[in-house]
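Read through the structure below, which is laid out as structure tokens, and then see the notes.
Read-outs throughout are calculated quantities, based only on the coordinates presented, and are distinct from any laboratory measurement. Worth saying up front: this structure is predicted, and the values here are computed from it rather than measured. Ideal geometry is used to build each Cβ from the backbone, glycine not excepted, and the neighbour counts take in all protein chains shown.
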Amino acid sequence: MQCNVCAVEENGAALRVVSDGPEGTARDTYDHVVNALWDGRLAIDASLGLRPSRPWMHRFKYGIRFRPPPGTRPLPTIAIALGPFGDLIVYDQGMAYLNWYPTCLDAISHEVSPPDWSPIPAEPRRARVVAETLQAMAEIVIPLRDLDSGSLLECTVQGGVIVAWGHTDIDDPASELHRRYDIGVTSNRRYHSVDPGKLTMTPYFAGVCAACLQPHDDVLEEDYIAALLAAAEANPGAAVVYSDIQSFGTHDWVFQ
Ligand SMILES: Cc1cc2nc3c(=O)[nH]c(=O)nc-3n(C[C@H](O)[C@H](O)[C@H](O)COP(=O)(O)OP(=O)(O)OC[C@H]3O[C@@H](n4cnc5c(N)ncnc54)[C@H](O)[C@@H]3O)c2cc1C
């Protein structure tokens, strides 16, 4: 939608979303607002005066994707979770994802809004991430020793933000980063802030959120949710799916 959400404001019983887009600043009023912005989430919560009572971290971490050159021994998919974290994931089409936490972690922020970290590292940082990650992981994953950073095909390095509770890094056994399960939907009347914790949890918390939004005096047909889900799956570009809505009283309309 090419809009950047800047704030959410109380507007009587409703909520107003303030956003900047190609046509300037917009203020749109909604009955419910779901904040699912990941690294943008805490700043929008804060605009409503909602601040967590515990420390949080935004960690900016790189990952490396590459295609092994022909003749490379088959690479395993493996996650190393003893000591510093690393993983190698081999996809069906032959591409691989590689990361070694000590070299791929680039920056940490404890601010409400993390810096505008550039997802693609500049040289020589990029080359160093590839070489040092490969070297560290090859100490543990023997077939990686066949590779050197210059031989990787279609090699890209891209970073992303990881949002989690905690103040100290993973090398602190007491860090809250080791309790990533403490996640979910926090509702403040009609405002719902979703911390999915991990990508794998997003479908579950989307369901939790949908239950928060369902007006309590509405009765749903048994196949209502299944029909909406089927419509969403059939239209991957859709941002929202809903049934026809019959209004009555002051206006007699059917919204389609
Ligand atoms: C390196 C790395 C490795 C990871 N590995 C795993 C893993 O192995 N398994 C796993 O389950 N998860 C993993 N994750 C976490 C996973 O990527 C996130 O949990 C997941 O992307 C969160 O999904 P989301 O829909 O909440 O947010 P996102 O997919 O980030 O979507 C949020 C959207 O909101 C937009 N946005 C943010 N702020 C604003 C704003 N103010 N206005 C408008 N739009 C805004 C963003 O541009 C984005 O499009 C990893 C993350 C990183 C960075």
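A few remarks follow.
- Once the Cα atoms are used to define both axes, helix 125-138 deviates from the longest principal axis of the chain by about 70 degrees.
- If the convex hull is drawn through the Cα atoms of the stretch 1-110, its volume per residue in Å³: 188
- Sparsely packed loop sites in the stretch 1-108 (the chymotrypsin sites (Phe, Trp or Tyr not before Pro) outside DSSP H, G, I, E and B with at most 13 other Cβ atoms within 10 Å) comprise TYR91.
- Modelled this way, with points 7 Å down the Cα-to-C-beta line, the labels at ARG54 and ASP92 are 3.8 nm from one another.
- The stretch 160-177 residues near the modelled ASN188 label - backbone nitrogen below 18 Å, point 7 Å along Cα→Cβ: 165
- Note on TYR181 and ASP252: with the Förster distance fixed at 51 Å, the Cβ-Cβ geometry gives a FRET efficiency of about 0.55.
- Between CYS212 and LEU228, residue separation times 0.36 nm minus the direct Cα-Cα distance comes to 4.1 nm.
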